[in-house]
Amino acid sequence: MPRPFHLEGAGQRALTPSESVRRGSGRELEMLESLLALGGLVLLRDSVEWEGRSLLKALIKKSAVCGEQVHILGCEVSEEEFREGFDSSINSRLVYHDLFRDPLNWSKTAEALPGGPLGALRAMCRRTNPGPVTIALDSLSWLLLHLPCTTLCQTLHALSHQDSRPGDSSPVEQVHVLGLLHEELHGPGPVGALSSLAQTEVTLSGTMGQASAHILYRRPQQRPTHQTQWFSILPDFSLDLQGGPRLESQPLPDPHTPPVDPTTHLTFNLHLSKKEKEAKDSLTLPFQFSSEKQQALLCPGPGQATSHIFYEPDAYDDLDQEDPDDDLDV
């Protein structure tokens with residue numbers, strides 16, 4: 001049976017800075033906690049068939065109920081549409097930076113972000129509160145269309161490594177950067193560059209109408225590990241883990257359908273007839289040294305000519321009859 005994941009409610013105690021390392025459930029970490037456990041960049045790779053914004057909002061809700069600051073850079077949907085589905089306690093913790101309404105600041109209003117998308121990203125790098133922070137980018141595909149790939153990668157690296165800035169003596173908690181990427185819109189170069197920056201990489205797919213997440217964890221000084229989770233997202237953006245598609249629901253071959261012979265319609269024969277087998281067995285191959293060949297070489301017949309070797313020494317040949325190795329004890 002499916003085992004649901006229950007997210008922490010708003011009435012529960014928020015994590016303190018010393019508890020920023022996510023706690024496990026004893027046997028294994030919950031899916032949302034495991035995605036956020038390593039910090040750094042969490043790359044969500046979705047497609048047209050399997051969208052990833054719902055999982056992004058589920059991770060945002062998980063961070064918000066844990067007491068983290070949550071900054072959202074909205075590029076593809078309006079703020080009202082993005083906040084839809086969150087309750088008031090979650091929406092009050094979200095700081096929404098709107099690039100959807102006026103990305104190029106044509107209106108010259110105070111609501112527009114100065115500097116465009118790059119200025120908004122750099123503003124997120126200048127943190128004032130030392131508490132844990134989650135930064136959600138919706139989406140990286142939109143940013144790749146407006147910024148060079150190298151510039152975006154450098155900014156993402158600065159965002160995800162704010163907890164290890166040199167010369168900063170203040171205690172800084174873990175930073176989570178959640179990036180949604182529509183990988184069908186990009187070539188292997190940008191996708192590979194963003195993948196190399198991610199500590200956790202989630203590729204969304206599915207089969208038979210059931211969504212799955214193929215997760216790649218890159219832990220420091222450890223080999224990368226893979227995990228596959230089958231899940232569904234509930235209307236309140238909590239997760240319901242499932243056990244994958246049932247085998248009974250998969251199409252089975254019809255027992256009345258005769259099996260297809262793969263040897264039919266070939267341009268060559270795979271089997272020999274009886275006469276062909278007899279001809280093959282009676283054939284003597286050139287490399288086989290039979291008794292007949294041995295007798296013919298050793299005892300030539302009367303009609304066969306014999307050969308002799310005649311050697312005429314040259315004037316400068318050394319005809320010393322002594323054994324050259326006579327002095328050796330051999």
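A few remarks follow.
- Within region 306-330, considering residues that are hydrophobic (A, V, I, L, M, F, W, C) and open to solvent by 100 Å² or more (accessible area, probe 1.4 Å), the one modelled with the lowest pLDDT: 330
- Taken as a whole, region 73-85 holds at least one residue that is within 27 Å of the chain's Cα centre (by Cα) and among the hydrophobic types (A, V, I, L, M, F, W, C).
- The helices (runs of 4 or more DSSP H) located wholly in region 44-159 that include 3 or more residues which are at pLDDT below 90 occupy 116-125.
- In the condition set (1) modelled with pLDDT of 75 or more; (2) open to solvent by 100 Å² or more (accessible area, probe 1.4 Å); (3) aliphatic (A, V, I, L, M), residue 285 is compliant with all but (2).
- Of residues in region 204-223 being more than 16 Å from residue 36 (Cα to Cα) and outside any strand (DSSP E or B), the one least open to solvent (accessible area, probe 1.4 Å): 209
The values are calculated or read from the model by the stated rules, or taken from the named source; none is laboratory data. No experiment lies behind these values; they were computed from the predicted model shown. These area figures cover heavy atoms from the full protein model, side chains too; ligands, DNA and RNA do not enter into them. Shrake-Rupley method; radii C 1.70, N 1.55, O 1.52, S 1.80 Å.
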